[in-house]
Amino acid sequence: MTRPMRERVEVAAAALAEHGLSAVDTAIILGTGLGPLAERTVNATTIPYDSIEGLPRATAPGHSGRMIFGDLFKHRCVLMQGRFHLYEGHSAADVAFPVYLLKALGAKRLIITNSAGALNDRYVPGDVMLIEDHLNFTGANPLTGPNENALGQRFPDMSRAYDLHLRDIARGAALQVGVPLREGIYAGIAGPSLETSAERRFLRSAGADAVGMSTVLEVIAAAHAGLPVLGLSAITNAATGGSDQKPDTIEEVLDNAATSGIGMAIILERFFAMLQAETGRRTR
Ligand code: HPA
């Protein structure tokens, strides 16, 4: 019998609270190649995943496996540098576990980033895409099994899975700083093999603009936990399924993720300033 999620979360959150690590405002999950964003954190305390009970090990390339607590763009944040994927052999519940933990640490919103292939032929590697919605093609769901009522309701609504207000702020922030921001649908697959060309054409015809191996299960857990999500994809490679496509390499993905990561950081810096201004107005 596996341990209930709530118990796992309580144990991990209590251990972190003992080190004074709680009461965060915003949580951020960093995707493949986007780890450098964490270097912008000041007053940082870093905790390796293997010292947190209940967290699996991160084995994916470009994922360090540590939590960073500190101030990012003057905002009290916790960053997860490294996430868990189905393709590593983790269960859907393990993939979702950090989301419940981040919520228990006090996060009021969750920023989920990832690397993705471009199904949309107008996108180019190095672009940033604001996730409008997703298609879950992983065949998995973290809420399968008995519902833990203490965490959320049995049938969470997914019609606004990516928070409209956070998306408005991100769009405004990108406009202000002059970083082009795409907006589209993210298709989540289990991986680790990339899609065939036929699968890519299928995903395009299903309405998806980008494809990747993460995010969708975390967003389901966030909806379950009542945590508003902002999703940003680093577009790392063309994945249109056309005959002209060259094979994808992890080196290309990491290189282009670094380019997108620069744009993403510029957008997020303004995003946090706008969020701060808004919160200030509300509390004054
Ligand atoms: N497919 C799936 N996952 C990805 C891709 C892709 O083309 N690029 C980066 N992550």
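Results for (1) of a type in the set (S, T, N, Q); (2) buried (at least 23 other Cβ atoms within 10 Å of the Cβ); (3) modelled with pLDDT of 95 or more; (4) in contact with a strand residue (DSSP E or B) (Cβ under 9 Å, 6 or more places away or on another chain), shown as yes or no for each residue.
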residue	(1), (2), (3), (4)
Asp71	no, no, no, yes
Phe84	no, yes, no, no
Glu88	no, no, no, no
Glu132	no, no, yes, yes
Phe137	no, no, yes, yes
Ala140	no, no, yes, no
Gln153	yes, no, yes, no
Going through segment 200-218 one residue at a time, which ones are surrounded by fewer than 22 Cβ atoms within 10 Å (Cβ to Cβ) and either within 12 Å of the ligand (Cβ to nearest atom) or not hydroxyl-bearing (Ser, Thr, Tyr) (or both)? Arg201, Phe202, Arg204, Ala206, Gly207
Please work out which residue is farthest from the ligand (Cβ to nearest atom), limiting yourself to segment 98-141 and to residues that are among the hydroxyl-bearing types (Ser, Thr, Tyr) and not in a loop (DSSP other than H, G, I, E, B). Tyr100
Give the residue that is nearest to Ser214 (Cα to Cα), with candidates limited to residues of segment 166-191 that are assigned to a loop (DSSP other than H, G, I, E, B) and either away from the ligand (no atom under 16 Å from the Cβ) or at pLDDT below 95 (or both). Gly191
Being assigned to a helix (DSSP H, G or I), out of contact with any helix residue (DSSP H, G or I) (no Cβ under 7 Å at 6 or more places or on another chain) and not small (Gly, Ala, Ser) is true for just one of Leu16, Leu21. Which residue is that? Leu16
Filter pass, Gly263 being without any contact (Cβ under 8 Å) to a residue 40 or more places away in the chain, part of a helix (DSSP H, G or I) and not aliphatic (A, V, I, L, M): no
Take Ile235 and decide whether it is buried (at least 24 other Cβ atoms within 10 Å of the Cβ) and outside any loop (DSSP other than H, G, I, E, B). yes
Segment 122-174, subset within 17 Å of the chain's Cα centre (by Cα) and aromatic (Phe, Trp, Tyr), residue farthest from Val99 (Cα to Cα): Phe137
Does Asn120 meet the test of being in contact (Cβ under 8 Å) with a residue 40 or more places away in the chain and surrounded by 22 or more Cβ atoms within 10 Å (Cβ to Cβ)? no
Residue check: is Glu199 in a helix (DSSP H, G or I) and modelled with pLDDT under 95? no
For segment 238-279, enumerate the residues that are buried (at least 20 other Cβ atoms within 10 Å of the Cβ), of a type in the set (Gly, Ala, Ser) and under 17 Å from Asp121 (Cβ atoms). Ala238, Ala239, Gly241
Select from segment 44-97 the residues that are in contact (Cβ under 8 Å) with a residue 60 or more places away in the chain and aromatic (Phe, Trp, Tyr) and write down the one among them that is nearest to Ala116 (Cα to Cα). Tyr87
For segment 3-36, give me each residue that is touching a Ser or Thr at 6+ places or on another chain (Cβ under 6 Å) and closer than 14 Å to Met67 by Cβ. Leu30, Gly35
In segment 219-263, residue modelled with the highest pLDDT [restricted to those that are of a type in the set (D, E, K, R), over 20 Å from Met129 (Cβ atoms) and within 13 Å of the ligand (Cβ to nearest atom)]: Glu251
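The values are calculated or read from the model by the stated rules, or taken from the named source; none is laboratory data. It should be emphasised that the depicted structure is a prediction, and the values quoted were computed from it without experimental measurement. All Cβ positions, even for glycine, are placed from backbone atoms using ideal geometry, and neighbour counts span all protein chains on display.
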